[in-house]
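Asks: Quick one: the structure is below, and I'll ask about it shortly.
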Amino acid sequence: MVAARITVNGKETPLAPAAPHTTVLDFLRERGLTGTKEGCAEGECGACSVLVARPGVHRPTDWVAVNACLVPAAALDGQELITSEGLATAGRPGTAPTLHPVQEEMAVRGGSQCGYCTPGFVCSMAAEYYRPDRRASAEPAQGVADGTDTAAGHRDGDGTDHEHGPNGFDLHALSGNLCRCTGYRPIRDAAFAVGTPLAEDPLARRREQSPPAPVATDYVRDDSAFLRRNTLAETLRLLRERPDAVVVAGSTDWGVEVNIRSRRAGCVVAVDRLPELRELRVESDHIEIGAALTLTEIERRLDGGVPLLADLFPQFASRLIRNGATLGGNLGTGSPIGDSPPVLLALEASLVLADADGEREVALADYFTGYRQSVRRPDELIRAVRVPLPLSPVTAFHKIAKRRFDDISSVAAAFALDIEDGIVRRARIGLGGVAATPIRALATETALEGRPWAAETVEAAAEVLRAEGTPMNDHRASADYRSAMLGQSLLKTFAQTTEAVSA
Ligand SMILES: Cc1cc2nc3c(=O)[nH]c(=O)nc-3n(C[C@H](O)[C@H](O)[C@H](O)COP(=O)(O)OP(=O)(O)OC[C@H]3O[C@@H](n4cnc5c(N)ncnc54)[C@H](O)[C@@H]3O)c2cc1C
Ligand code: FES
Ligand code: FES
């Protein structure tokens, strides 16, 4: 087996002597690449963002920006990575190292003052600069052209779309980057001014070739190991041999545990590149979504095909986090405030669990058994999430958090309703943040089913919904507020959907 190494700015860089838990951020800085900064070490500020070559959605390779503070360096064994230093030589080939076009726009438009956040901003900006369908997406998101404000974008009555530039730049590409001194307008000006990559730009050309294949990794130092196998079967055998192993995919939860809670694992097993966990298939009666696809990949590949998921993604963390985060990780942690469970409960999804002996399918409604507990055994992996078809035509997802974007839910509620001839034939409602586990709002579903989709029914059902679960008081919200928000989320759904139903 070849010694673990990462191609950093075109140069093969051995992983040793880094410890298996060493983050990409520390790995880079210890090798003198100090452009990549540490702000928070928990995925909140984006000062550490770097670009990695990943399987592309529209081309063989996408340059994807991720939080270097969360990803273990060993997870990038055999992979290619570009830092802000590497961008400087890439954007204008044939010249001496000089500013990349995104760096230049940031400089000339005053997008950098103390400069601490700038390398992270330029990496996120470069990922969007190289996004192959950037121009195509310059059109406003559906539903915003009438002046409504959605998670996907904001368009004024005069037709101005504040969240997409004339160059198709989606400002949400920068949603995981914070700046404490510049003010965001010059940064937005820079983003909206970047042009199209030159044909001879090596990073633009790199997109036309396959990304580096995942490589099997046995990176062991002292008493800890980072292991990656090529197939699901090998990985499941390994998990049976190592019941102490911590499974990681995008590492957006695990990285926080390592950095902030100083957790260390004797054995980490990576599952994020297993082909069996990265398929997305549409069958006649269900959609199967691989547990290790990133949320960005699912979002772009489904392209709005599951509207409830399309509502969820923009409200889930930042683009930087969604570039790593997976459904397997969101369900695997069993958090009662994870955002995907309410949505997947409303969709009546099931999980395909795999171990070395085979597979079983478990309804998500039967999966969680207690606070951060589930029916999944330590040697089992979530291989895929199955969403049954057809989808309910009327759906809504409401996430109540202190900030509109990039925040953890206080409460989340997802609705999937079949309404025929003005009668609710079927209601499925998933809730997060109101009990030790994500739950279905069964009493509210009963209060709606068979009744007219009318103000009287909805007001009565909202009262039932306020009493679902056992909400707690904590630093995010009081129990009373959580209950009140549940009721409001149904009333809001009614207000938003009445027009759609009567149409
Ligand atoms: C800044 C920040 C913002 C965030 N915002 C949100 C948010 O808005 N909403 C939200 O819900 N979450 C949020 N999160 C939490 C996190 O991003 C999600 O839970 C994410 O989906 C985790 O996926 P991952 O692949 O990174 O998990 P990892 O960190 O790789 O794994 C977490 C755990 O999941 C388990 N696991 C992973 N894959 C599998 C699998 N295939 N089978 C079985 N078990 C598995 C393992 O036990 C592992 O230890 C945020 C995190 C950060 C750092
Ligand atoms: S250091 Fe803040 S996101 Fe990584
Ligand atoms: S320029 Fe100082 S933090 Fe952004």
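The values are calculated or read from the model by the stated rules, or taken from the named source; none is laboratory data. What you see is a predicted model, and the numbers here were worked out from it, not measured in a lab. The area values use the complete protein model at the heavy-atom level, side chains included, leaving out ligands, DNA and RNA. Shrake-Rupley method; radii C 1.70, N 1.55, O 1.52, S 1.80 Å.
Asks: Can you tell me the relative contact order of the range 281-388? Whole percent, Cα pairs under 8 Å, sequence separation 6 or more.
Replies: On the way: 160 pairs, mean separation 34.6, N = 108.
Result for the range 281-388 is 32 percent.
Asks: Please say if the range 336-422 is rounded, prolate or oblate, where rounded means a/c under 1.5 for a ≥ b ≥ c the square roots of the C-alpha gyration tensor eigenvalues, and otherwise the choice is prolate for a/b larger than b/c and oblate otherwise? Mind dumping the intermediate values first?
Replies: Working: a/c = 2.70, a/b = 1.33, b/c = 2.03.
Taking the square roots of the gyration eigenvalues as a ≥ b ≥ c, the range 336-422 is oblate.
Asks: Something else: Using a probe radius of 1.4 Å on heavy atoms only, what accessible surface per residue do you get for the chain? Whole Å² is fine.
Replies: Per residue, the chain has an accessible area of 41 Å².
Asks: Give me the percent of DSSP beta bridges within the chain that run antiparallel, rounded to the nearest 5.
Replies: Percent antiparallel among DSSP bridges in the chain is about 90.
Asks: In deg cm²/dmol and to the nearest 500, what is the mean residue ellipticity at 222 nm of the chain if only DSSP H runs of at least 4 residues count, each as -39500 (n - 2.57), divided by the residue total? Can you show the working numbers first?
Replies: On the way: 16 runs with 140 residues, N = 503.
One gets -8000 deg cm²/dmol as the mean residue ellipticity at 222 nm.
Asks: Over the chain, with every protein chain in place, what whole percent of the accessible area is carbon and sulfur at 1.4 Å, could you tell me?
Replies: Using a 1.4 Å probe with all protein chains present, the chain comes out at 50 percent carbon and sulfur.
Asks: Using each residue's phi in the range 34-49, evaluate 6.51 cos²θ - 1.76 cosθ + 1.60 at θ = phi - 60° and report the 3J(HN,Hα) Karplus result to the nearest Hz, with x for Gly and Pro.
Replies: Each residue's phi maps through the Karplus curve to give 8, x, 6, 9, 9, x, 10, 6, 9, x, 9, 10, x, 4, 9, 5 Hz.
Asks: Would the chain count as rounded, prolate or oblate if I go by the C-alpha gyration tensor, calling it rounded below 1.5 in a/c and otherwise prolate when a/b exceeds b/c, oblate otherwise? The partial results should precede the final answer.
Replies: Values: a/c = 1.89, a/b = 1.30, b/c = 1.46.
Here the chain falls in the oblate category.
Asks: OK, next. Helix 232-241 sits at what angle to the longest principal axis of the chain, using alpha carbons and giving 0 to 90 degrees rounded to 10?
Replies: It works out to around 90 degrees.
Asks: Ok, one more. Give the relative contact order (percent, whole number) for the range 394-502; include only Cα pairs under 8 Å separated by 6+ residues. Could you put the intermediate results ahead of the total?
Replies: Details: 196 pairs, mean separation 25.6, N = 109.
Relative contact order, the range 394-502: 23 percent.
Asks: Might you work out the accessible area of TYR367 for me, using a 1.4 Å probe with all protein chains in place, and round it to the nearest 10 Å²?
Replies: Solvent-accessible area, nearest 10 Å²: 0 Å².
Asks: Using only the alpha-carbon atoms, how far is helix 184-193 inclined from the longest principal axis of the chain? Give it as 0 to 90 degrees, nearest 10.
Replies: 70
Asks: What number, in percent, do you get for the relative contact order of the chain if the mean sequence gap of Cα pairs under 8 Å and at least 6 apart is divided by its residue count? Don't jump to the answer; show the numbers that get you there.
Replies: Details: 1107 pairs, mean separation 56.4, N = 503.
This gives 11 percent for the chain.
Asks: I've got another one for you. Ignoring everything but the protein chains, give the 1.4 Å probe accessible area of VAL8 in square angstrom, nearest 10.
Replies: 10
Asks: Which of rounded, prolate, oblate describes the range 1-77, given a ≥ b ≥ c as roots of the alpha-carbon gyration tensor eigenvalues and a/c under 1.5 marking rounded, otherwise prolate only if a/b is larger than b/c?
Replies: Numbers: a/c = 1.73, a/b = 1.05, b/c = 1.65.
Verdict is oblate for the range 1-77.
Asks: Can you list residues whose amide H is under 5 Å from GLY35's amide H, if they're 5+ apart or on another chain and H is modeled 1.01 Å from N?
Replies: Amide H neighbours of GLY35: none.
Asks: Probe 1.4 Å, all protein chains in place: accessible area of ARG440 in Å², nearest 10?
Replies: ARG440 has an accessible surface of roughly 50 Å² with all protein chains in place.
Asks: Give me the angle, in degrees from 0 to 90, between the Cα long axis of helix 455-466 and the longest principal axis of the Cα atoms of the chain, rounded to the nearest 10.
Replies: 60
Asks: Ranked by accessible surface with a 1.4 Å probe, highest first, in what order do ARG451, ARG135, ARG207 come? Before the final figure, lay out the partial values.
Replies: Values: ARG451 110, ARG135 135, ARG207 20 Å².
Result, largest first: ARG135, ARG451, ARG207.
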